[in-house]
Amino acid sequence: MSLEGEYDPSPARWIREQVELYESSGGTQGTTLWDTGLPVVIVTMRGAKSGRIRKVPLMRVEHEGRYAAVASKGGFPRHPVWYRNLQANPRVDLQDGPDRQTMTARELTADERTQWWRRAVAAYPPYAEYQEKTDRVIPVFVLEPEPPAGPRSVTP
Ligand code: F42
């Protein structure tokens with residue numbers, strides 16, 4: 001089931017408008033980053049403190065049905081606010097074009113992070129410049145589909 005609650009649109013106009021266009025067109029418009037032509041997904045999450053619904057466009061980094069969420073914020077010195085939201089409330093809705101699904105976010109470390117970082121840079125090369133620009137290690141989450149609700153186990 002998808003996340004429910006009061007939605008607080010981003011204070012940044014370009015973010016707010018991209019989310020609005022993406023969603024109102026059913027994932028057929030506003031699906032790329034400016035003129036790069038590179039695809040974007042929308043991650044809907046719950047605020048760590050407010051409990052309200054937040055929507056964040058991120059670059060589409062997909063591999064075998066899983067996605068990375070890269071907390072780059074353009075190489076800014078501090079993590080984006082949504083980083084704490086995903087840590088506190090890992091259950092999210094992900095919209096990729098017309099498709100929407102509930103997923104669980106998990107922050108990556110060590111080899112897993114390295115592997116997904118490579119995929120992220122392949123999908124969106126400026127991530128590499130963002131990492132050079134900042135002293136923080138840019139966090140990478142993997143978003144994984146929720147396991148399907150299986151049949152109830154029967155006690156013999
Ligand atoms: N940002 C990335 O980090 N990575 C990407 O790959 C990426 C791609 C991308 C593509 C298209 C596009 O339009 C934007 C893209 N962005 C990307 C930018 C991204 O969408 C975010 O705007 C950016 O990362 C900054 O995120 P932020 O969460 O720091 O944004 C601030 C300005 C913001 O919107 N804050 C809100 C506010 O009202 O101030 C939300 C606040 C919030 O979530 N509050 C929490 C709550 O509980 O409600 C509190 C959390 C706490 O603990 O303080």
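The selection criterion, being over 15 Å from Val43 (Cβ atoms) and either at pLDDT 95 or above or buried (at least 16 other Cβ atoms within 10 Å of the Cβ) (or both), holds for Val121. Scanning segment 48-65 for residues that are in contact (Cβ under 8 Å) with a residue 40 or more places away in the chain and either closer than 16 Å to Pro126 by Cα or within 10 Å of the ligand (Cβ to nearest atom) (or both) yields a count of 12. Of the residues examined, Thr134 is one that is polar (S, T, N, Q) and in contact with a helix residue (DSSP H, G or I) (Cβ under 7 Å, 6 or more places away or on another chain). Restricting the first member to segment 68-86 and to residues that are over 14 Å from Glu129 (Cα atoms), and the second to residues that are more than 7 Å from the ligand (Cβ to nearest atom) and part of a helix (DSSP H, G or I), the beta-carbon pairs closer than 6 Å and six or more apart or on different chains are Ala68/Trp116; Ala68/Ala120.
Looking only at residues of segment 26-84 that are among the aromatic types (Phe, Trp, Tyr) and part of a helix (DSSP H, G or I), we find that the one that is surrounded by the most Cβ atoms within 10 Å (Cβ to Cβ) is Trp82. Residues of segment 18-32 that are within 9 Å of the ligand (Cβ to nearest atom) and either farther than 19 Å from Ile53 by Cβ or more than 15 Å from the chain's Cα centre (by Cα) (or both): Gly30, Thr32.
Considering only residues that are in contact (Cβ under 8 Å) with a residue 24 or more places away in the chain, part of a loop (DSSP other than H, G, I, E, B) and on the phi < 0 side of the Ramachandran plot, which ones fall in segment 91-115? Before the answer, list the steps.
If we filter segment 91-115 for residues that are in contact (Cβ under 8 Å) with a residue 24 or more places away in the chain, which is where we start, we get 91-108, 112-113.
With the extra rule that they be part of a loop (DSSP other than H, G, I, E, B), the set shrinks to 97-98, 108.
Of everything in segment 91-115, those that are in contact (Cβ under 8 Å) with a residue 24 or more places away in the chain, part of a loop (DSSP other than H, G, I, E, B) and on the phi < 0 side of the Ramachandran plot turn out to be Pro98, Leu108.
State all residues of segment 27-52 that are among the aliphatic types (A, V, I, L, M) and under 13 Å from Leu94 (Cα atoms); if no residue qualifies, say none. Selection gives Val40, Val41, Ile42, Val43, Met45.
The values are calculated or read from the model by the stated rules, or taken from the named source; none is laboratory data. For clarity, every value in this text was computed on a predicted model and none was experimentally measured. Counting neighbours? That spans all protein chains shown, and the Cβs are built from the backbone with ideal geometry, glycine included.
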